[in-house]
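The values are calculated or read from the model by the stated rules, or taken from the named source; none is laboratory data. Here the structure is a predicted model, which means the values were calculated and not measured. FYI the Cβ positions are ideal-geometry reconstructions off the backbone, even for glycines, and counts take in every protein chain you see.
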Amino acid sequence: MSAQTGPGDRADAAGDHAAGDPASFRVLVMAKAPVAGRVKTRLGADVGHDAAARVASAALLDTLEAATAAAGAEGCHLALDGDLDSAVGADALRAALVGWTVTPQRGDGLAERLVAAHADAGPGVVVQVGMDTPHANADLLAAAAAPLQADEPAYDAVLGPADDGGWWVLARRDPAVAAVLAGVEMSTDRTGADTRDALVGAGWRVGTTVMLRDVDEVDDADAVAALAPGSHFATAWSAAHVTTPGPGPGAVEEDPA
């Protein structure tokens, strides 16, 4: 383990980096199968859970395509909660996953599932994202990986903050880096700061990449759709505004994957 640096250190991870050599890093996506009432439940309260599931499916599709563009299908790994057979947009998602490694999520709670997924992804530079940032394109994924790819990297991990206090990306060289996540409370407005503190406290050198906005509420969806107007997400979100039937029955409390 490398000597730690202060929590304010910033990696050069938000500059002009293109999606590079597919063999130089891999992408790990944590996601739930987009099933109505199980994903985007806060959006579902406003636009209906069927529409929210279509939006979630579109966001996941954007993420899968960005990952493939960044690392190549053979360099991509999906840790999935649920079954795509019952998912909205299953055919498109399965087509986007050709050549990927897909494993089930395991563990109790998101923190344990993150640790397990990183262990499953194995050693080397891995960029881990969720399905709440459909505007995270291939260049942003490559930018998160770039500081870890030098022969003598200055960092062991790169963390990308989300503007709600969480984080949208964790890039690392060693899956042991992610072990600290087991002690971090997820889905709070301090998750980002607490994750950084845990990493630094464990002796890992941590850089920072660009802040992005997670899609949780209607205002988030409006903003992100405007940032990525040609995305699957933007198209699905525009359609969700056409009819807002209300949430409907059967929603469960959302635990971001």
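The table for this structure:
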quantity: Residues being in contact with a Lys or Arg (Cβ under 7 Å, 6 or more places away or on another chain) and in a helix (DSSP H, G or I) - total across the range 163-176; calculated: 0
quantity: Restricting the range 203-225 to residues that are part of a helix (DSSP H, G or I) and either charged (D, E, K, R) or out of contact with any helix residue (DSSP H, G or I) (no Cβ under 8 Å at 6 or more places or on another chain) (or both), the residue that is surrounded by the fewest Cβ atoms within 10 Å (Cβ to Cβ); calculated: 219
quantity: Which numbered condition residue 217 misses (of (1) touching a residue at least 40 places away in the same chain (Cβ under 8 Å); (2) touching a strand residue (DSSP E or B) at 6+ places or on another chain (Cβ under 6 Å)); calculated: (2)
quantity: Qualifying residue in the range 144-162 (condition: in a loop (DSSP other than H, G, I, E, B) and in contact with a Lys or Arg (Cβ under 6 Å, 6 or more places away or on another chain)); calculated: yes
quantity: Residue match in the range 58-77 (condition: in a strand (DSSP E or B) and in contact with a Leu (Cβ under 8 Å, 6 or more places away or on another chain)); calculated: yes
quantity: Residue match in the range 243-251 (condition: in contact with a Ser or Thr (Cβ under 8 Å, 6 or more places away or on another chain) and modelled with pLDDT of 55 or more); calculated: no
